[in-house]
1. Got a sec? Which helices (runs of 4 or more DSSP H) wholly within segment 309-382 have at least 2 residues that are buried (at least 16 other Cβ atoms within 10 Å of the Cβ)?
2. Out of the helices (runs of 4 or more DSSP H) lying entirely within segment 120-235, which hold 2 or more residues that are modelled with pLDDT under 80?
3. Sort through 429, 408, 380 and tell me the only one that's in the same structural domain as residue 527 (by TED's automatic domain parsing) and within 23 Å of the chain's Cα centre (by Cα).
4. Would you say residue 278 is more than 25 Å from residue 416 (Cβ to Cβ), modelled with pLDDT of 80 or more and surrounded by 13 or more Cβ atoms within 10 Å (Cβ to Cβ)?
5. What is the one condition in (1) out of contact with any Asp or Glu (no Cβ under 6 Å at 6 or more places or on another chain); (2) not in a helix (DSSP H, G or I) that residue 461 does not satisfy?
6. Right, residue 489: in a strand (DSSP E or B), among the basic types (Lys, Arg) and either more than 23 Å from residue 413 (Cα to Cα) or free of Cβ contacts under 8 Å to residues at least 40 places away in the same chain (or both) or not?
7. Among the residues of segment 356-368, write down those that are at pLDDT below 90 and closer than 22 Å to residue 427 by Cβ.
8. Quick test of your reading of the structure: residue 562 fulfils all but one of (1) more than 24 Å from residue 307 (Cα to Cα); (2) part of a helix (DSSP H, G or I); (3) at pLDDT below 85. Name the failing condition by number.
Amino acid sequence: MPASWCRICAATAAGLRTACCPVLTDGLRHLAGQLERRLSRLADELQDHLAKAQQQQQQQLSASASGSSASLQQLETATASSSSSGVGRVLQDRFSGANVVLRADALSGYAPPRDLALPSLAALANDRHLQRRLLKLLNMLGQLDSQGGRAAEVSQVLEPLWARLSECLSLLNQCEDPNSVLVLQTTVESFFVASGGSRDQAATLRRLASAGAETNNSEQLSHLDLEISAPDTAAPAAPSASATSTTPKEPAADSQKAFLLSFATRHRGLLNQILRQQTTPLTRGPFAWLAEHPRLLDFDVKVQYFRSQLDSGRPRNTETVAVNRQRVFEDSFAKLHRKSRNEWKQHFQIHFQGEEGQDAGGLLREWYAILSREIFNPNYALFKVNPGDQVTYTINAASHINNNHLTYFKFVGRLIAKAVYDNKLLECYFTRAFYKHILGLPVNCSDLESEDYDFYKGLRFLLENDVASLGYEQTFSTEVSVFGVTETRELVPDGRNKVVTEDNKAEYVARVCQERMIGSIRQQLAAFLEGFYDIIPKRLISIFNEQELELLISGLPTIDIDDLRANTLYEKYSATSPQIQWLWRALRSFDQADRARFIQFVTGTSKVPLGGFAKLEGMRGQQKFQLQPDWTLPVYESYEIELREMLLLAITELRAVRAPRRGPLFEFYFFPGFHLRSTWFRFKYLEFTFRLSLPASTNSELRSAIQQFKLR
């Protein structure tokens, strides 16, 4: 009897689906027609608006042609700024020269766009029921037609609507109001539902969950076994920023998925603008499909998704790490290197032995800063300076001089991943190839150019010329220097006796690059990546490219005074006060090194947070052996002699003074007289926080400078 009822219910459900789907399709056709007509009117108004704006700009340019060149340049700059409202803050990739979009509202000197006032746009904004009904109908059809039997018919019904939507989005992208696209957000969501993006949400979640549970180290490190190909001697043109080698290629898809990908690529900027306003996690909404296509996401949207994934599995426990300030690296290694990956993901509370007080964030930040310098200590022989630029670091192939080097590399991998996990910035920059190793991207011979340019030029010469022109016989071996001792390594079995010829020179170049960039450091690299992937899985970190990963680890590389000033509030001063004007004048006169010292002086780190100073997190915390009066910026009577001199003295001298066995002499979290506006925490008071007493060794000039700051 129950089986009969089940068959009856199944037949009834199938009959209902068969009966309802045509009705819903007819309703969908009616709603799509109505919405398409509204979008058609909007497209006409947008075209008229853009034509008038272009005509007005041409008239202004013509009127300015007879004026000064400076006025013309200013107008052209303003025109370019208004025409690129859909483009975010752009940072040049120091590796390839390509641009990385951060986001629009972080742009220095960014002027808020004007609202786009059009009748059709206002009508769509005030009455969104039509868009919502369309989305509901599509969701109902998707549930009733789970096998996609009517997908072709639905696609044909909606084709005119999607064409009109694409036209409107293209026109909106040219307008000065990037937020106007939010009026069409529901229709854009409907497009993703109808095109299969939402139907793939469950599969996307399953794939991401299985990747998140990835524990097989051999699978995560499989990219280290890939062979490097020789560079193409034809020297093809560099790919565009949207199609760099750092982005994984999309798999072949059917025509519907190809259409979805084409639409998302064409309107990438506006889609990211919508995603920035989303409160629903990316993987839980209609845009879940984009989580598997990270090349379509801007950096700040990637970070938002990245953080949401990390926070979903973050433990709530706290791990106390007690270290001696004179042995931070050794003590941290001894305390943590045997901990499990879950214990590493706990919140670390740092305690410096011999110093009282609790860590409310400042000590953790200082701990990271110390360790990020100590990992490059030559005594550990873990990393070496890249000879190509003398700034970045790469793995030291001779690290085996330290018997415990592989355990150290795993510890350092966990440490760097933990800093990213905790959203803390490190004072370290690595080579392009090293970042690609972390991301699981294949390195190539062109990456060797930034590490050893002379050697790379030799390889290019070999590829572009006849082997006979070398004037000597080259074998499948290469020379490496280990602590001043040169040794020969074979690239293939019996490589010493295998001569490089015109036929096999490409193989030789590929193998010598493989040895230089992977082979000589494979064990060290595998240990580092094993530690890194313990904290952040490969599938999650790989949504970024090399430049973005560097930003994630080290923050913005330059300090923008305009950005700092735009995110500053004042206490007992105004923006027009002479002392405040002098302060900004002094900061503008500083070079990047002194600006970094100032930022480190007032925030505890010299690195600028992602998104600029608007994203600065403040942490005063509980202080030990400190007086905590409110100090104000003295009313200095001169700029050069008093304010600038005292400011330089503060950032170059006071920060370096140490009290015996008590750490810093004092901690200065925010410059007195003003404070930084933070989206995370609003500070009510700003003050110097001094140590209880000054050591007798403090020089008189320094003590005198401290006395210059008076109590309120």
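The values are calculated or read from the model by the stated rules, or taken from the named source; none is laboratory data. The model shown is predicted, which means the values in this text are computed figures rather than measured ones. Because the Cβ atoms are built from the backbone with ideal geometry, glycine has one as well, and the counts that use them run over all protein chains shown.
1. Hits in segment 309-382: 328-336, 362-374.
2. Output list reads 129-144, 151-172, 201-212, 217-220.
3. 429
4. Spelling it out, residue 278 is indeed more than 25 Å from residue 416 (Cβ to Cβ), modelled with pLDDT of 80 or more and surrounded by 13 or more Cβ atoms within 10 Å (Cβ to Cβ).
5. Against the list (1) out of contact with any Asp or Glu (no Cβ under 6 Å at 6 or more places or on another chain); (2) not in a helix (DSSP H, G or I), residue 461 comes up short only on (2).
6. When the stated conditions are applied, residue 489 passes them.
7. 359, 360, 361, 362, 363, 364, 365, 366
8. Every listed condition holds for residue 562 apart from (3).
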